[in-house]
Structures are given as structure tokens and as C-alpha cells.
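First comes the structure, then the notes that go with it.
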Amino acid sequence: MTLADYRKSRGEPAIQEAHEAAHSEKHPSAREYIAIGLVLGAITAAEVALYYIDISRNVLLTALAIMSIAKFTLVVMWFMHLKFDNKLFTYLFLLGLLGAIALFTIVLVTSAADVV
Amino acid sequence: MAHASTAHLETSTGIDNRKLLMWFFLSSDCLFFGSFIAAYLLYRDRSLVGPYPEDLFDIPFTSVSAFVLLMSSVSMVLALAAIQRGNVRGMQIWLFTTAMLGALFIAGQVYEFTEFHHEGLSLSTNLFGTTFFVLTGFHGAHVTIGVLILLSLFVYSLRGGIQQKDSLNVELAGLYWHFVDIVWIVIFTLIYLVQP
């Protein structure tokens with residue numbers, strides 16, 4: 001019995017139908033992708049401008065962190081389609097990302113490094 | 001919008017195995033780059049001899065490089081959008097644009113490395129040099145591999161090898177390319193903009 005037959009015997013939708021259902025939310029249009037690209041460019045320009053402005057280091061670090069996370073999220077959610085794709089991909093990516101953050105934190109904290 | 005190439009696959013998860021494998025790889029690559037970034041931040045201030053980051057970094061130049069790589073992500077996603085609509089010509093144009101922007105980024109990195117070398121920084125000069133070159137060098141290697149993948153896809157498409165039903169091939173290349181871009185987003189902020 002093929003997987004398709006098995007799913008049919010259990011009354012489950014065919015993979016094709018399931019896949020289309022998972023993608024029922026429409027992907028952005030080319031115009032929206034370009035708009036996101038412009039936002040990414042603008043955030044990068046703002047980051048560089050902040051670097052040259054004489055502000056306190058804590059404010060600089062906070063602002064850079066927020067802008068960097070915003071750029072990261074825009075690319076991952078829209079360009080890599082995690083917002084529209086199967087949630088399994090999101091969980092997989094978060095696994096690696098959180099692992100990296102954990103590794104990062106453990107290494108730097110145990111080394112008592114003044115990293116920023 | 002359904003992905004035509006994956007619509008006929010029967011797997012236990014309902015997900016194309018190649019795409020699943022790509023996400024596994026990207027997840028593991030997070031740890032790969034996370035380790036190098038942590039090593040850089042840990043050791044950059046512990047060099048006993050110069051040159052130091054503040055002596056070398058050219059922020060305007062690197063900002064342009066970062067912008068180029070960001071825009072290559074836009075052209076990459078436009079290539080995918082084109083082939084998913086069945087626009088092969090559009091995909092070819094955007095794929096080639098992405099590859100050229102990637103090559104431009106690599107050219108910038110080669111220039112930067114050469115300048116740093118002339119200033120006296122090598123892989124073995126100090127801890128800053130070691131961790132910086134290893135981190136950015138591996139990122140550059142990822143970009144170079146990405147450019148080769150994109151050019152391969154471009155040539156393959158010129159020979160009629162990529163149609164709308166094969167859009168997954170472009171999507172997989174795109175996932176890899178966007179990942180390289182987000183790694184640079186982190187590197188640009190943590191390594192270049194946040195200096196000791």
C-alpha cells in the first residue's frame with residue numbers, strides 16, 4: 001500500500017491537498033518584496049547613521065539590537081517564507097537559532113567577557 | 001500559492017525531503033556561525049599586539065557591502081516569485097542579478113582582506129586577526145558557494161532545465177542565499193558596528 005492509499009484509507013487529504021492548504025495564505029507580490037527590500041535598506045542606513053551619532057553606548061546597543069533583529073525577522077519571515085510555510089520549518093530553524101544563542105551565552109558568560 | 005514541484009510528492013510529513021534537509025542544514029549552520037561569532041567577541045579585545053579593529057574597519061565601505069548583499073536577497077526572492085508564476089525569463093534575469101551582486105560582495109571582501117593584510121593583519125598576527133578572518137572567511141566561502149549554485153541554476157535554466165514545476169530548485173537555492181544574508185546582518189552589527 002502506498003502512502004497515498006494509506007492516507008486515503010484513513011480519510012486524510014492527499015498530500016497535494018494538504019500542501020495546498022498549508023500554502024493557502026498567499027505569498028507577497030513582487031511589489032511587496034521590493035517594499036520590504038527598501039525597508040531593509042532604510043534600516044541599514046539608520047544603523048550606520050547611529051554609529052556616527054554621538055549617543056550613549058547603551059542607547060546605541062539597544063537601537064542596533066532592535067534594528068538588527070527587525071532585519072533578521074523580515075528576511076526570515078518574508079523572504080524565506082517561514083510566515084507562510086509549514087510550521088515544522090519554523091521549529092527546526094528555532095532549534096538551531098536558540099541553540100546558537102544558548103552556546104553564545106554560555107561561552108561568553110563563563111568566560112566573563114565584556115563583549116559589548 | 002502552491003509550489004508545483006512539491007505538490008505531487010508523497011512523504012509521511014507532507015513536506016518535500018529536500019526542503020526539510022535544507023532547513024536541517026540551515027539550523028545546524030546557525031550553530032556553526034554562532035560558535036565563530038562567540039569566539040570573535042570573546043577574543044577580539046585580548047590581542048597583545050595590533051592592529052586592532054578600530055584601526056582597520058572602514059564602516060562606509062562595509063555598509064555598502066552589507067547593502068549589496070541585502071539587495072541580492074531581494075533579487076533572489078523576485079527570481080523565485082517569477083518562476084512560481086511561470087516567468088522563466090524573469091527568473092533568469094533575477095538569478096543572474098543575484099549572482100552578480102553576490103560576486104560584488106565577494107570582490108569587496110577580497111579588497112577588504114587585502115587592505116587589512118597590507119596594514120599588517122594576518123590570520124596569525126593576533127587573536128583579532130585569527131577570529132576575524134575565520135569568521136568572515138567562512139561567511140565569504142558560503143557566499144562563494146551560493147554564487148556557484150546560482151550560476152549553475154542560471155546556466156541550467158538557459159538550457160531549458162527549469163520550468164514552473166521545478167520552482168523548488170530555485171526555492172532551495174533561495175533559502176541558502178537568504179541564510180547567508182541573515183548571517184551577515186548579525187556579523188555587520190556585532191562585528192563592525194559594535195566595537196570595543
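FYI, it's all coordinate maths here, none of it is from the lab. The structure presented is a predicted model; accordingly, all values stated were derived computationally and were not measured. Note that we place each Cβ from the backbone using ideal geometry, even for glycine, and neighbour counts take in every protein chain shown.
Per DSSP helix of 4 or more residues, -39500 (n - 2.57); summed, then divided by the residues of the protein assembly as shown. What does that give at 222 nm, rounded to the nearest 500?
Computed mean residue ellipticity for the protein assembly as shown: -24500 deg cm²/dmol.
What is the spin-label model distance, in nm, from B:Phe32 to A:Val59 if the labels are put 7 Å beyond Cα along the C-beta direction?
Once both label points are built, they end up 4.0 nm from each other.
Quantify how strongly other chains surround peptide A:78-86 by giving the mean number of their Cβ atoms within 10 Å of each of its Cβ atoms. Don't skip to the answer; put the middle values down first.
Numbers: counts 3, 11, 13, 8, 2, 0, 1, 6, 7.
Counting other chains' Cβ atoms within 10 Å and averaging over A:78-86 gives 6.
If you place +1 on the Cβ of every Lys and Arg, -1 on the Cβ of every Asp and Glu, and leave all else neutral, what size is the dipole of chain B about its Cα centre, to the nearest 20 Debye?
It comes to approximately 680 debye.
Other chains' Cβ within 10 Å of A:61-71 residues: what's the mean?
3
Looking at the protein assembly as shown, what % of the alpha carbon pairs are farther apart than 29 Å?
That fraction is 40 percent.
Between B:Asp58 and A:Ile101, how high is the FRET efficiency from 1/(1 + (r/R0)^6) when r is the Cβ-Cβ distance and R₀ = 30 Å? Nearest 0.05.
That gives a FRET efficiency of 0.55.
If I model region B:1-160 as equal point scatterers sitting on the Cα atoms and use the Debye formula, what is log10 I(q)/I(0) at q = 0.11 Å⁻¹?
-0.60
Would you mind putting B:44-57, B:85-98 in packing order, based on average other-beta-carbon counts within 10 Å, highest first?
Highest mean packing first, the order is B:85-98, B:44-57.
For every other residue with a beta carbon closer than 13 angstrom to the beta carbon of A:Tyr51, add +1 if it is Lys or Arg and -1 if Asp or Glu, then tell me the sum.
For residues surrounding A:Tyr51, the net value is -3.
Once the Cα gyration tensor of region B:119-196 is diagonalised, what are the square roots of 5 times its eigenvalues, in whole Å and ordered largest first, as equivalent ellipsoid semi-axes?
35, 14, 7
Summarise the partner chain shielding of B:83-90 as one whole number: the mean count of Cβ atoms from other chains within 10 Å of each residue's Cβ.
What the average comes to for B:83-90 is 1.
Each label point is 7 Å from the Cα along the Cα-to-Cβ direction; what then is the distance between the points at A:Lys87 and B:Tyr156, in nm?
Spacing of the two 7 Å Cα→Cβ label points: 3.3 nm.
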